[in-house]
Amino acid sequence: PLYKRMCRQLSTTIDNQHKVQDRLNVGGLIINADGYGWGQKGGYELLMDTIKTFQVELVLVLGDEQLSNTLCMDHLLENTTCSHYIPVSGGVVKKNAAVRRKMRTTAMQHYFYGPRGNFHPHLAVLN
């Protein structure tokens, strides 16, 4: 699928940049995989593919003990990958899919059109 190809290309680009710029080797990379929907069809496989593609050394699972346990028991992960469960604070309420979708749409609209809708993105082809 397109997503896997894009992840591989991004991983290759990041690796190439690390080879050229030594200062990039000091830090790390954070991959927020909340949108995978790992419990849905194909979501877990995408998560595993991303972990392997980016050669992830540490996986932090926030508030999903079942996912953390599944990752710990999965033999596909190499020995260098470590998974840790982090419980969420009391009172945290998980947003449902419709609310998250609306928030994502609003954030994209704010990015491209501005918070008041006063920006007007356009395409310009330069030769």
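Computed from the coordinates by the stated procedures, all read-outs in this text should not be read as laboratory data. Keep in mind that what you see is a predicted model, and the values were worked out from it rather than measured. A quick note on method: Cβ atoms are made from the backbone with ideal geometry, for glycine too, and the neighbour counts reach across all protein chains shown.
Compute the signed sum of charges (Lys and Arg +1, Asp and Glu -1) over the other residues within less than 14 Å, Cβ to Cβ, of Q109.
Once all neighbours under 14 Å are counted, the net charge is +4.
Pairs K41/K94; K4/K94; K41/K95: which exceed 22 Å Cα-Cα?
Values: K41/K94 20 Å; K4/K94 27 Å; K41/K95 20 Å.
The pairs that break the limit, which is 22 Å between Cα atoms, are K4/K94.
Sum up the charges of everything whose Cβ sits under 10 Å from the Cβ of K95, counting Lys and Arg as +1 and Asp and Glu as -1, but leave K95 out. If you can, show how the numbers build up before the last one.
Working: positive: K94, R100, R101, K102; negative: none.
Net charge in that neighbourhood comes out at +4.
To the nearest 20 debye, what is the magnitude of the charge dipole of the chain about its Cα centre, counting +1 on the Cβ of each Lys and Arg and -1 on the Cβ of each Asp and Glu?
720
Work out the FRET efficiency for H120 and T53 from their Cβ-Cβ distance, taking R0 = 41 Å, and round it to the nearest 0.05.
FRET efficiency, H120 to T53: 0.65.
Towards the positive end of the charge dipole of the chain, with charges on Cβ (+1 Lys, Arg; -1 Asp, Glu), say which of L62, A124, L10 has the farthest Cα.
About the Cα centre, the residue reaching furthest to the positive side is A124.
Dimensions of the chain along principal axes (Cα, Å, largest first)?
50, 45, 30
Note down the net charge around E45, summing +1 for each Lys or Arg and -1 for each Asp or Glu among other residues with Cβ under 12 Å from its Cβ.
Charge balance in the 12 Å sphere: +1.
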